[in-house]
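Below is one structure, written out as structure tokens; comments come after it.
The values are calculated or read from the model by the stated rules, or taken from the named source; none is laboratory data. All values derive from a computational prediction rather than experimental measurement. Glycine gets a Cβ as well: all are built from the backbone with ideal geometry, and neighbour counts include every protein chain shown.
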Amino acid sequence: MLSIRGIDKRFGATHAVRDVSFDAARGQVLGLVGENGAGKSTVIRMVAGVVAPDQGSIHLDGNRLALRSPSDALTHGIDSVFQELALIGNLTVADNLFLLKAPKHRWLSIDRRRAIREASEILERYQLDIAPTARVRDLPLGQRQMIEIVRSVERDPTVLVLDEATSSLGQSEVSWLARLVRKLRDAERIVLFISHRWDEIATFCDRVAVMRNGRLVEVADRPAMPQDRAVRLMTGRDTSGGFPPKVPPREGTLLGVDNLEGPMLSRTTFSLAPGEILGLGGLVGQGQTELLRALFGVLPLRGGSVALKGRPLRLRGPRDAIGAGIAYVPLERKSEGVFLDKSVAFNMTFASLALGWLSSWFGLIRFRKERATVAEAIDRLKIRTRSGHTPIRALSGGNQQKVLLEKWLQMRPAVLLLDDVTRGVDISTKHQIYELVRALAREGVGVIFYSSDTYELVGLADRVLVMADGEIRKSLAGSELSSAAIVDAAFGSRVGS
Amino acid sequence: MTRWLSSIRNSEALGSVAIFALLFATYFVLKGCRYSFFEAGNLATNVLPLVVVGLAQYFVVLVRGIDLSLGPIMAVSGSLAAVLFPLGIVPAIAIALAAGVLAGALNGLLIARLSLSPIVVTLATMSVWDGVALIVLPVPGGTIPAFLQAVLTSEPALLPMSLILLVGFALLGTWIMSTRFGLQLRAIGGDEIAAEASGVKVARIRFFAYVLAGFLAACAGLYFAISTMAGSPIIGDGYVLPSIGAVVLGGVPLIGGRGSPIGVVMGALILTIIGSLLYFADLADFYQSLINGVILIVVVGAAAVRDWAREALAR
């Protein structure tokens, strides 16, 4: 049995976790839910040895554990898969699987042939069709996450921590993981599971623990914790999972995309009306991100054309796209979007400053205007921060995402490209983002928005393009648009190809 | 044994091998198409200290560090040996090498345990060891047993000793990179946070990278003192930047994670043979610095073009 006793953690002025205690019995899958910033990640990180609690203790099977590092946790049989991937991109799959325990032969050298053979045996056992000699950074996000899960499960941990481990997985991959978790449960292992998708909590977990503002609000068996109750406990208020009402897009074509060819893209043709929210769906890694990045000028095009309001665009780089009024909010906010050490204000305004929207004609920054803009945005977007000077690192993921969004809204874009921006964001922030996106659409902004969450696509988008192998396989709108139709189109194409 | 040699075929070192081959061919033609073991031995003798310090620097760069104190560590170990040889050969060598290990451990402690910036820490320790070397041996000199030099200039199995040592150090580096320690060094350079989360003891591995660097620098200093028959408190100054140059020329990016020891050996060879070429081309010494710089830019630029081309082809 894993027992958490009164753990407490502060980061500077933020009291992240307050006096949390709970138990997880062997053979139990415990789901931990809560909004971003509720403290569940911090709890998990303390169990995994990434951060040390200020107070309280962690016990496994009656022994008190002193965890000073992830490798300490590993020696006690606590293994974790985090949302931020813990694989090393420049190494091969086999190297990553055997980073700590590579098979050796004479003179301590790693027996590479044996490592590759054993790695391919492992991958086969888990039904993964991945070459052990492939470099991890060349693999799609979903496969990377699966390799990481396999690596942890293969070490046969007593406690397996899955922190948002499904965030990059498609539906078939999630059921693959569900089978794996069931096996662990049958083998009397303990699984701690964090997810923002309720249907996963419902399928995976025996017990659910709800956190809010650093406190553990309630722990109950799964049947005693229906979704609406969990959401009420998480947010402290009633939130119907509603989406803002859809508004029919305006007449005409805002963005015309014709026969686009590029990395992972072939013969992509579609048009976007002013005020339209166009969803991109399909399995993970089918060219959705590439399409958005190509439209933002990050990825080079090999053919085809893009026209904005009837005028052809030359997209040589993001500067061209920004100049034309196209904004892109990326998926990996940690690596592409934010300067973690800089302040909220800096992150919000530096693009505007660099591009001249906030500076005077001498290139001097208009500080008063900047301060006013930042204060107004923090208020309007309900960004939870102490002030505009707080480093963005101190904010929760959802709040960071809002700052990032605001950065691009300041340029008043004509077309907004959103790349799975709600991934790993808590439910109430998600709804704020939905409202924001719909409000922009009502003003006539065209939005193209990729999401790995089908439910969200159906609820928010006016029309959904389902992609597979870099092609648009199906366009769904109106009454045709449903989760089932999206999934059908995504899988149908895979069988067909 | 042949298995871990296979990592020599690593394509990362290919560019620097090609450049060295080109420079060497030019040298060969300028010399009238004659080359002897004696000359190969000479080249090996000249390049060996740089190869060894370059390898030292390589292990540190691999974990996203840099070590500016390696040159002064060379000077300290060479000077210590030169002063201590009258006490006996074994204690003198042991103390000289131990000094390098300790100096590396100090760097490692400050950088890996206390998370201080490598460039600041080693800038400071560079100055400290510079001072220590001058205290140990204020002017170049000391006593080096003649027979040690005789060993270095001997030709067992008809091969010059320095060439054997050169191959030996290259193999040592390649071997280290074939172990779990080597894999974890590359992992830390590739993504430190991911490595930590994977259970790699990042601080410990990084600490040992600096210790290893200190030890290798001490070896280089010892070799230099013996081959020149004198300790010198200032020899290190000429090796700090070339050691970084050899690493970069060898195809190792300063952000770490990639590159092979063979590349570093090639990098050192390139820097050394340029000197010989200039001698034959009848150009003054001071051109060397300029030409080294140009070659560095060409190599790093070529690597960028290669990465770009590889990406373009993959599309």
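Answer with yes or no whether A:Asp138 is facing chain B (nearest Cβ under 9 Å), under 26 Å from the mean Cα position of the chain (by Cα) and buried (at least 22 other Cβ atoms within 10 Å of the Cβ).
When the stated conditions are applied, A:Asp138 does not pass them.
Out of B:Arg186, B:Arg180, which single residue is in contact with a Gly (Cβ under 6 Å, 6 or more places away or on another chain), closer than 25 Å to A:Ala86 by Cα and within 7 Å of chain A (Cβ to nearest Cβ)?
B:Arg186
Does at least one position in region A:32-41 carry a residue that is closer than 28 Å to B:Ile205 by Cβ and touching a His at 6+ places or on another chain (Cβ under 9 Å)?
no
If you scan region A:90-99, which residues turn out to be touching a Leu at 6+ places or on another chain (Cβ under 9 Å) and within 7 Å of chain B (Cβ to nearest Cβ)?
Once the filter is applied, which keeps residues that are touching a Leu at 6+ places or on another chain (Cβ under 9 Å) and within 7 Å of chain B (Cβ to nearest Cβ), region A:90-99 yields A:Leu91, A:Asp95, A:Leu99.
Which condition does A:Gln145 not pass, out of (1) within 13 Å of chain B (Cβ to nearest Cβ); (2) over 27 Å from A:Pro263 (Cβ atoms), if it passes all the others?
Single failed check for A:Gln145: (2).
Select, from B:Val29, B:Val101, B:Val90, the only residue that is more than 21 Å from B:Leu163 (Cα to Cα), in contact with a Phe, Trp or Tyr (Cβ under 6 Å, 6 or more places away or on another chain) and surrounded by fewer than 24 Cβ atoms within 10 Å (Cβ to Cβ).
B:Val101
Name the one entry in B:Gly236, B:Gly257, B:Gly245 that is outside any helix (DSSP H, G or I) and at pLDDT below 90.
Only one candidate qualifies: B:Gly257.
Please go through region A:121-135 and pick out each residue that is surrounded by 18 or more Cβ atoms within 10 Å (Cβ to Cβ) and either facing chain B (nearest Cβ under 8 Å) or assigned to a helix (DSSP H, G or I) (or both).
Hits for region A:121-135 are A:Ile122, A:Leu123.
Based on what the data block shows, is A:Pro248 outside the structural domain of A:Ser479 (by TED's automatic domain parsing) and more than 21 Å from A:Ala324 (Cα to Cα)? Full working, then the answer.
On the way: outside the structural domain of A:Ser479 (by TED's automatic domain parsing): yes; more than 21 Å from A:Ala324 (Cα to Cα): yes.
Yes: the conditions hold for A:Pro248.
Which of the residues spanning region A:401-415 are within 14 Å of A:Pro318 (Cβ to Cβ) and either modelled with pLDDT of 85 or more or of a type in the set (Ser, Thr, Tyr) (or both)?
Our first condition is that a residue be within 14 Å of A:Pro318 (Cβ to Cβ); within region A:401-415, this holds for A:407-408, A:411, A:413, A:415.
Within region A:401-415, A:Pro413, A:Val415 meet the criteria.
Restricting attention to region B:200-222, and to residues there that are within 14 Å of chain A (Cβ to nearest Cβ) and surrounded by 24 or more Cβ atoms within 10 Å (Cβ to Cβ), which single residue is farthest from the chain's Cα centre (by Cα)?
So the residue we want is B:Val200.
Only residues that are under 13 Å from B:Val200 (Cβ atoms) and more than 8 Å from chain B (Cβ to nearest Cβ): list them for region A:76-89, please.
So the first thing to find is which residues in region A:76-89 are under 13 Å from B:Val200 (Cβ atoms), and the list is A:86-88.
None - no residue of region A:76-89 is under 13 Å from B:Val200 (Cβ atoms) and more than 8 Å from chain B (Cβ to nearest Cβ), so the list stays empty.
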